[in-house]
Amino acid sequence: MVKQERAMRTREALVRAAASEFDRAGYEGTSLSRISKAVGVSIGAVTFHFSSKNDLADAVQQSGRSVTRAALEGVLAEPRSALRVVVDLTLILAQLMEREPSVRAAIRLSRERPDAVPWSEVWLPTVRKLLDEAHETGQLRAAALPADVTTLVEYLTSGAEAYLRSRMGSDVAFESAVAQLKRLWHVAIAGVAVDAGPNAPGGPFPAAATNPVVLEPSAAVPGGERQ
């Protein structure tokens, strides 16, 4: 029993250390030797629990998804309107990004390991379902289609992660991503245009502008395939 508990503690410590390393350096920039030194164990102890760096990355992503899933369940437990739950969920996700290395590592590893399960698959299906409900119950304006609001949520969460990744680890103080998202949601829900008529800045769009813009491969943003 004592050996089992010690082995479990070592495994958990390895996952935590690996999460910090993957978050900081990415998959290619992380080595098992750095993780073993961070925990204070031998490489043999690492490979006893995880046969390869790939297996350890899987465990870190699973840890990040588990933390996110628990937060999602907590948000859903509160009796609120569907749209309010979506807003609160994005704030919780931003908070997890700020506080949980395993979540940030899961997001980064999802991008750097194409075959891995995307982190967003933990919460995005729920967002789609909630926005369909919000649309059906009149919580969204007629022009605010659930698919478009879902895209907005994806952009907001991706932007929050990019914002944090560009600032965390520096000596410069920066504003919380949660505070920023609160203001952005206020703007999104209230709207920005005074004139709601046909000449409003937001629409109607010219027919040509409704067609999706396809970027050439050279213009695509590197490393931004999915979360």
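Taking label points 7 Å from Cα along the Cα-to-Cβ direction, D58 and R11 give a separation of 1.3 nm. Extension gain for D148 to V187 (0.36 nm times residue separation, less C-alpha to C-alpha distance): 12.4 nm.
Charged neighbours of P125, selected by a Cβ distance under 12 Å, balance to +1 (K, R count +1; D, E count -1).
Relative contact order of the stretch 1-135, taken over Cα pairs closer than 8 Å and 6 or more residues apart, is 31 percent. Using θ = phi - 60° and the Karplus curve 6.51 cos²θ - 1.76 cosθ + 1.60, what whole-Hz ³J(HN,Hα) does each residue of the stretch 78-87 get, with Gly and Pro shown as x? Couplings: 7, x, 9, 5, 4, 5, 5, 5, 4, 4 Hz. Just check the stretch 102-176 against the gyration tensor rule for me: Cα atoms, a ≥ b ≥ c as the square roots of the eigenvalues, rounded for a/c under 1.5, and otherwise prolate or oblate depending on whether a/b exceeds b/c. Oblate. The HN-Hα couplings worked out from phi for the stretch 177-188 by the Karplus form 6.51 cos²θ - 1.76 cosθ + 1.60 (θ = phi - 60°) are 5, 5, 4, 5, 5, 4, 5, 5, 5, 4, 5, 5 Hz, whole numbers, x standing for Gly and Pro.
Coordinate-derived values only; no laboratory data. Bear in mind that the values here come from a model prediction, so they are computed numbers and not experimental data. Counting neighbours? That spans all protein chains shown, and the Cβs are built from the backbone with ideal geometry, glycine included.
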